[in-house]
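**Q** After the structure tokens below, expect a handful of questions from me.
The values are calculated or read from the model by the stated rules, or taken from the named source; none is laboratory data. What you are looking at is a predicted structure, and each value in this text was computed from that prediction instead of being measured. Using ideal geometry, Cβ is built from the backbone for each residue, glycine included, and neighbour counts are taken over all protein chains shown.
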Amino acid sequence: MALSNFERMLQLADEVFATKNDPDQLDVNEEVIQHLQQIHPATVPEYDDGNGPVAWILLLPTTTELMHQFLEQKISEKELYEKTPLNISYDTLYLCSAMVLEEYRRKGIAKKLTLKAVEAIRKTNPIKSLFVWSFSKEGDLGAKALAEITSLPLHKRKS
């Protein structure tokens, strides 16, 4: 029996990020998603083709101070998430992940989802920059394109 879109998305996440084997990465589960949505409702957009999700985006609005700690490798991705306070004004946005099932790639789905989410977050937060920890060439290119479109500077964590 073929895997569902949801199962394929979970498999893709595990293949790309291997979060189960890296305690420093954020291991996304229902509790994490609920907490992210408390930070801002637009942090976890997805695209569903009617048969389940085919694209997931994960964004984390946070503070410039925490961004610098993360970029300088003083805190992990998991700590960045844990240390980001609730109910404050966020001034930077972590482009945590974008995943799209293979047959849906190169159609602009991730770009549209992310732009819409960034716009929603910017309506209530004075976002001044973006930052990323790239795991792929595609992720790197997507982050650069997003920074260009939004006219926000992009900061990168070295692997």
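**Q** Are any residues in the range 47-67 over 17 Å from the mean Cα position of the chain (by Cα) and at pLDDT 95 or above, and if so, which ones?
**A** GLU65 - this is the single residue of the range 47-67 that is over 17 Å from the mean Cα position of the chain (by Cα) and at pLDDT 95 or above.
**Q** Next question, about the same structure. Could you please give the count of residues in the range 87-111 that are within 19 Å of HIS40 (Cα to Cα), over 17 Å from the mean Cα position of the chain (by Cα) and modelled with pLDDT under 95?
**A** 1
**Q** Looking at this structure, is LYS128 modelled with pLDDT of 95 or more, over 22 Å from VAL32 (Cα atoms) and touching an Asp or Glu at 6+ places or on another chain (Cβ under 6 Å)?
**A** Yes.
**Q** Going through the range 1-46 one residue at a time, which ones are hydrophobic (A, V, I, L, M, F, W, C), touching a strand residue (DSSP E or B) at 6+ places or on another chain (Cβ under 9 Å) and modelled with pLDDT under 75?
**A** Scanning the range 1-46 gives PHE6, MET9, LEU12, ALA13, VAL16, PHE17.
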